[in-house]
Amino acid sequence: MTTPAPTPAVRDRTLSLPSHELPAYVYDVSALRTHAATVRAALPPSIELYYAAKANPEPEILAALGPYVDGYEVSSGGELAHVRKAAPDRPLAFGGPGKTPAEIASALELGVARFHVESIHELHVLAALARRADVRDVGVLLRFNLPVPGDSLADSSLAMGGRPTPFGLDPADADTAVRLLTDGTHPHLRLLGVHAHLASGLHAPAQLAIAASIVTWAADLAARHRVRLAEVNVGGGMTVDYAAPDQLFDWAAYGTGLARLAVAHPDLTLRIEPGRALTAYCGWYVTQVLDVKLSHGEEFAVVRGGTHHLRTPATKNHDQPCTVLPVDAWPHPWPRPTAQHSRVTLTGQLCTPKDLLSRHVPAPGLRAGDRVAFALAGAYAWNISHHDFLMHPRPTFHFLDRTPQT
Ligand SMILES: *Cc1c(COP(=O)(O)O)cnc(C)c1O
């Protein structure tokens, strides 16, 4: 595993924080801007880019992405209120299964531009609430769980579509849904198009195959009903490879493929909504080794914090890539706990053997007091973690931004 070294700014902050401010989440906001600009530049200008806020909704992250995205995708009433406040006046798409009437009503009130409707029932609820609030021209994209072409899911880590799941409408409901939106039943709603988010963890060729199949399916649906669909959202799920962190999703190849798709469907606005692949790389969970011990032949280092702060390795069952930052000072008169073996398993402070951050890390000579920076902690990290378990203190948060603000 080649672990990307922390950026100089992250390294400096990791080494300068006092122990009691560790663990910490350190975000390199300037690096995030650079990455987002690269992604935006790789996409044809006609492709719309929404950021899926659930990957990391920190206000500083949402704001830094602002210049590079066309809008944000939110998946709950909480995200809706939060993103509306953090990024006022930006277009929002409201998706997710099980939207409550109260969430839908507040989305209508806040002027959400697009609803990703997940079922026929939800369509009726949305229509009834739009009528009651007298909101007209409510934009609807029907979210479908579409079949996935060939072996596109072979490298997927998480499949939301192409198999039985609670997400989206079944294709068998497509004709009913389109009819309800075009025969005058629901005059407050306007059918904008089709949405599908079928899998995550996909490389560019599989993403392109899926995007093409979604667009073809949507074009067939439109032709069958003689309606115009203005938009197709082909979802997120661009891969982040935790085992090979230096191998980024091939945005250039993806952009080229999307450009071809856009040329073939000139009437259509194509939209993507990545989360993980935009923000994973900018975040670091940094901490300090508290103890090092040999147990039945295996070396363990216990660090301040653990998977209650960085749940990603536990949920994805991987080893979080990390870098050791040696600290020479040792304030105690007794011997410093030091790894005898060349590989060390890094665990947290939780009283469970599942609290594993990274196994068998090559870290010869690792010592108590050394610092460790876990990479790729900018998405699905802090915000998916069960931080109240065992009542340890929360991490501190640092947003490093060297970009001059105008
Ligand atoms: C989670 C989610 C995304 C983002 O997925 P990533 O794997 O983070 O890119 C996009 N769209 C929908 C509907 C989602 O649920």
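General remarks:
- Any hit, the range 224-237, residues being assigned to a helix (DSSP H, G or I) and not β-branched (Val, Ile, Thr): yes
- Of all residues in the range 169-184, one or more are over 17 Å from ALA105 (Cα atoms), touching a Phe, Trp or Tyr at 6+ places or on another chain (Cβ under 9 Å), touching a residue at least 12 places away in the same chain (Cβ under 8 Å) and within 16 Å of the ligand (Cβ to nearest atom).
- Check on LEU65, out of contact with any Phe, Trp or Tyr (no Cβ under 6 Å at 6 or more places or on another chain) and aliphatic (A, V, I, L, M): no
- Restricted to the range 19-131, the set of helices (runs of 4 or more DSSP H) holding at least 2 residues that are under 20 Å from the mean Cα position of the chain (by Cα) and polar (S, T, N, Q) comprises 29-42.
- Filter result (touching a helix residue (DSSP H, G or I) at 6+ places or on another chain (Cβ under 6 Å) and farther than 30 Å from THR256 by Cα) within the range 181-204: HIS186, HIS188, LEU189
- Summed over the range 367-405, the residues that are within 24 Å of ASP328 (Cα to Cα) and hydrophobic (A, V, I, L, M, F, W, C) give a count of 5.
Table: residues versus (1) in contact (Cβ under 8 Å) with a residue 40 or more places away in the chain; (2) away from the ligand (no atom under 13 Å from the Cβ).
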site: ARG33; (1), (2): yes, yes
site: ALA52; (1), (2): yes, no
site: TYR72; (1), (2): no, no
site: SER76; (1), (2): no, no
site: ARG84; (1), (2): no, yes
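- Residue ranges of strands (runs of 3 or more DSSP E) in the range 241-317 with at least 1 members away from the ligand (no atom under 16 Å from the Cβ) and of a type in the set (Asp, Glu): 283-295, 298-303
- Residue check for ARG343: under 30 Å from LEU62 (Cα atoms), touching a residue at least 12 places away in the same chain (Cβ under 8 Å) and surrounded by fewer than 17 Cβ atoms within 10 Å (Cβ to Cβ): no
- Residue in the range 147-154 that is among the aliphatic types (A, V, I, L, M), surrounded by fewer than 16 Cβ atoms within 10 Å (Cβ to Cβ) and within 23 Å of VAL240 (Cα to Cα) present: yes
- Given (1) in the same structural domain as PRO166 (by TED's automatic domain parsing); (2) within 16 Å of the ligand (Cβ to nearest atom); (3) in contact with a Lys or Arg (Cβ under 6 Å, 6 or more places away or on another chain), index of the condition GLY96 fails: (3)
- Leading residue by the ranking (nearest to the chain's Cα centre (by Cα)) among those in the range 159-189 that are among the polar types (S, T, N, Q) and assigned to a helix (DSSP H, G or I): THR176
- The one condition in (1) away from the ligand (no atom under 13 Å from the Cβ); (2) farther than 23 Å from LEU278 by Cα; (3) touching a Leu at 6+ places or on another chain (Cβ under 9 Å) that LEU208 fails to fulfil: (2)
- Of the residues making up the range 131-167, those that are of a type in the set (Gly, Ala, Ser) and on the phi > 0 side of the Ramachandran plot are GLY150, GLY162.
- Lone qualifier among GLU48, GLU21, GLU73, GLU60 - being crowded, with 21+ Cβ neighbours inside 10 Å, modelled with pLDDT of 95 or more and not assigned by TED's automatic domain parsing to the domain that holds ALA252: GLU73
- Of the set (1) among the aliphatic types (A, V, I, L, M); (2) within 13 Å of the ligand (Cβ to nearest atom); (3) buried (at least 18 other Cβ atoms within 10 Å of the Cβ), all apply to LEU158 but (3).
- Considering the range 132-153, the residues that are within 16 Å of the ligand (Cβ to nearest atom) and part of a helix (DSSP H, G or I) include one that is farthest from ALA209 (Cα to Cα), namely LEU153.
The values are calculated or read from the model by the stated rules, or taken from the named source; none is laboratory data. Only a predicted model underlies this, so the values are computations on that prediction, with no experimental measurement involved. In this analysis, Cβ positions are derived from the backbone assuming ideal geometry, glycine residues included, and neighbour counts consider all displayed protein chains.
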